[in-house]
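Comments concern the structure below.
The values are calculated or read from the model by the stated rules, or taken from the named source; none is laboratory data. This is a predicted model, so every value here is computed, not measured. Ideal geometry is used to build each Cβ from the backbone, glycine not excepted, and the neighbour counts take in all protein chains shown.
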Amino acid sequence: MTSNTPKPVVIFGRSEFASLVWHVLTHDTPLVVAGFTVDAAYLNDRRHHDLPVVAFENVQESFPPAAFQMLVPLGGRGANGLRRDRYLQAKAKGYDFVTYISSRALVAPGAQVGENCMIFEGAAVQSMASIGANCIVRTLANVSHHVRVGDHGFIAASAVVGGGATIGDRCFLGLGSVIRDGVKVADRCLIGAGAVVTRDTEPDGVYMGVPAKRGARLSGDLENV
């Protein structure tokens, strides 16, 4: 391996979403996927897409950080907390991280995207926008100019974030949701599918409806929201 050759990638997870990540890395980047890793309690099958699956607790024994990099593409479970935890744990083990930007995404010059992020096909990130570390931006989402997205976020398909809006850490924006320009979404908020947020939100809130109103306090599993 030459100094110009990217290190092979280990993907955290073996769900359908992990399979999607394996597919896009294999077919839309020059990267090579070397294998998968999961928590030992979920190590039920040691092969996935004909590649090895190893326990995350000792992943560095099979895939040393000096020779491999990682991508942690987990969903919104626990206000993105599980993805945050595994990302930070992998970072503590010494791993570098992949950021995947689809060849069919529109990321403008001057936009910033952090490590361990995924920007899927058709998504748009405009000039002078900033996306923090460990974020997922799904298909056809629109992150407008001067938007600031914090760390460990998830922006679902077709969500729209208007110019100058601020999205806090560990926020989840549901399918087709809209954040009006200049609005500040506080940390750990869940914005429901189709909701339209026209005012600043409070931390740990669930916001639904048009215009969006605060409901129950955020808790539980967000994988299917």
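Screening the candidates Arg170, Arg199 for the property of being assigned to a loop (DSSP other than H, G, I, E, B) and at negative phi yields one hit, Arg199. Being buried (at least 22 other Cβ atoms within 10 Å of the Cβ) and part of a strand (DSSP E or B) is the filter here; which residues of segment 134-167 pass it? Within segment 134-167, Ile136, Val137, Val143, Val149, Phe154, Ile155, Val161, Ile167 qualify.
When only residues in segment 1-17 that are under 19 Å from Lys91 (Cα atoms) and of a type in the set (A, V, I, L, M, F, W, C) count, which is surrounded by the most Cβ atoms within 10 Å (Cβ to Cβ)? So, considering only residues that are under 19 Å from Lys91 (Cα atoms) and of a type in the set (A, V, I, L, M, F, W, C), the one surrounded by the most Cβ atoms within 10 Å (Cβ to Cβ) is Val10. A residue that is at pLDDT below 95 and either outside the structural domain of Arg86 (by TED's automatic domain parsing) or in contact with a Cys (Cβ under 8 Å, 6 or more places away or on another chain) (or both) cannot be found anywhere in segment 152-167.
Are there any pairs, at least 6 apart or on different chains, whose C-beta atoms fall under 8 Å, with the first in segment 93-109 and under 18 Å from Val9 (Cα atoms) and the second surrounded by fewer than 20 Cβ atoms within 10 Å (Cβ to Cβ) and hydroxyl-bearing (Ser, Thr, Tyr), and if so, which? Close Cβ pairs satisfying both conditions: Tyr100/Thr29.
Mind listing whichever residues of segment 55-92 are buried (at least 18 other Cβ atoms within 10 Å of the Cβ), of a type in the set (D, E, K, R) and free of Cβ contacts under 8 Å to residues at least 12 places away in the same chain? Before you say what the answer is, go through the steps one by one.
Restricting attention to segment 55-92, the residues satisfying the condition of being buried (at least 18 other Cβ atoms within 10 Å of the Cβ) are 56, 59-60, 63, 68-76, 78-80, 82-84, 86-87, 90-91.
Checking the rest, the ones that are also of a type in the set (D, E, K, R) come to 83-84, 86, 91.
Scanning segment 55-92 gives a single hit, Lys91.
Among the residues here, Ala108 qualifies as more than 23 Å from Thr5 (Cα to Cα) and either surrounded by fewer than 24 Cβ atoms within 10 Å (Cβ to Cβ) or at pLDDT 95 or above (or both). Scanning segment 25-80 for residues that are of a type in the set (Lys, Arg) and farther than 30 Å from Leu175 by Cβ yields Arg46, Arg47.
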